[in-house]
1. Once you keep just the Cα pairs under 8 angstrom separated by 6 or more residues, what percentage relative contact order results for segment 254-358?
2. If you plug each phi of segment 48-53 into the Karplus form 6.51 cos²θ - 1.76 cosθ + 1.60 with θ = phi - 60°, what whole-Hz ³J(HN,Hα) values come out, in order, with x for Gly and Pro?
3. Would you mind ranking Asp42, Asp124 so that the residue whose beta carbon has the fewest other beta carbons within 10 Å leads the list?
4. For segment 204-220, take each phi angle, set θ = phi - 60°, evaluate the Karplus expression 6.51 cos²θ - 1.76 cosθ + 1.60, and give the result in whole Hz per residue in order, putting x for glycine and proline.
5. Can you give the Kirkwood hydrodynamic radius of segment 3-164 from its Cα pairs, in Å with one decimal?
6. Find which of Pro125, His278, Val87 sits farthest along the positive direction of the dipole of the chain, computed with +1 on the beta-carbon of Lys and Arg, -1 on that of Asp and Glu, about the Cα centre.
7. Local charge sum around Tyr239 (other residues, Cβ-Cβ under 12 Å, Lys/Arg +1, Asp/Glu -1)?
8. Report Rg(Cα)/(2.2 N^0.38 Å) for segment 254-358, keeping two decimals.
Amino acid sequence: MIMNGYPDLADRIFLTQLNIWNSIQANNSTNATDINQNWATDPQSLQACLMALNPPPGGTWNIHMDTILDDVMFYILFWMNRNNYPVPVLINGGGHWVVIVQYETDVEPIAGSTPTLNEITIYDPEPHNIGSVINIQAANWYANEWANSIIYPGTWQNNWVAVIEPPIEKGRVKVKMVERVGEKIIPPEKAIEYAKIWIEKRRLDKKNPYKILQRKGIIALNPILVREQSKGKKVTDFYIVPFAPKLTSQKCFKRYLLFFRWVVGLDPDLHLWTFIPHNDLLPPVDVTVKRVLKRVGVFDREYGCKWADVLRYSDFLKLVSPQNKLWADLYLSRLGIMGICNSKKIDSKCDICPFQRFCAY
Ligand code: SF4
């Protein structure tokens, strides 16, 4: 999609997936810290593939990496503005490539400028064999796709990475934050009060699917302001008021946390609710996760599950994978799901367990 999007029509070329795949594989990084990382998205292989199959005439593709994401974004904008080439960037902590094909800034991103990024347009190869074009507000891009630097150990870890034609100029961009427009915003307590009146008036708790509201211990959580009263317009505040079971220290709330993981978490989760930062989520804990964690010394009890266990597990995951807690949980939880670690040692497949050398069981 990059080589078929070169600015000059004469340079555009369509290559088969097989050609591209073979070239990527032939150019994988051979650096000792990169091999064996199972990199499907190795930046060196993408850069070398672009150069090997269809280098831009007189130009060159280069990997640009930096621990300051605004600097990487400036390089991207500067060279897109000057040369009009699309720019492949790694997102989701290094797990996926997309191509930036368009952007909107307040000033032209030229040398010495400090442009504010308003939005960008990306081409995403997913869904597989279909692809999608997506416009993203800058604040959302930074909070989601680019929330994390590369999490994989090796050459690019902790950097943001783009392959640019060609990166030289230094600079930095600013992110446009959401503007508040409301004048007399309804306080959240009032929003909860209105929601309760509405439920009572409409007798919602007697109807499906709201009958859950009748259950003991269901409380209103912090209302989410999704639209503000606008100056001069007949638009009122609009809140979503979530209701959920009251947290008690004696429960793990695994199903709720699992649900949030599916709708908020990055790939392979669905990442639909992009307004919630994925690293704020707490990990679901169950007896199989606790079993492994007890055996490797994180917990002191194997059975039972309390809220304190969730918090403790979350802290542990933060140490293992600060940029993406749930990524580490994905691997840890597999041991129970795949039947590797079982309650009896004799039933466990310790010979293939990656934690064998830490396990005291
Ligand atoms: S070594 Fe065996 S008992 Fe220990 S965590 Fe792994 S599978 Fe479980």
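Each value in this text was obtained by applying a stated rule to the coordinates, not by laboratory testing. Computed from a prediction, not measured in an experiment: that's the story for all the values here. Because the Cβ atoms are built from the backbone with ideal geometry, glycine has one as well, and the counts that use them run over all protein chains shown.
1. Relative contact order for segment 254-358 comes out at 21 percent.
2. 5, 5, 4, 6, 6, 8
3. Lowest count first: Asp124, Asp42.
4. Residue by residue, segment 204-220 yields 4, 5, 9, 10, 6, x, 8, 4, 4, 5, 6, 5, 5, x, 7, 10, 7 Hz.
5. The Cα-based Kirkwood calculation yields 16.3 Å.
6. So the residue we want is His278.
7. -2
8. Compared with the compact-globule rule of thumb, segment 254-358 sits at 1.07.
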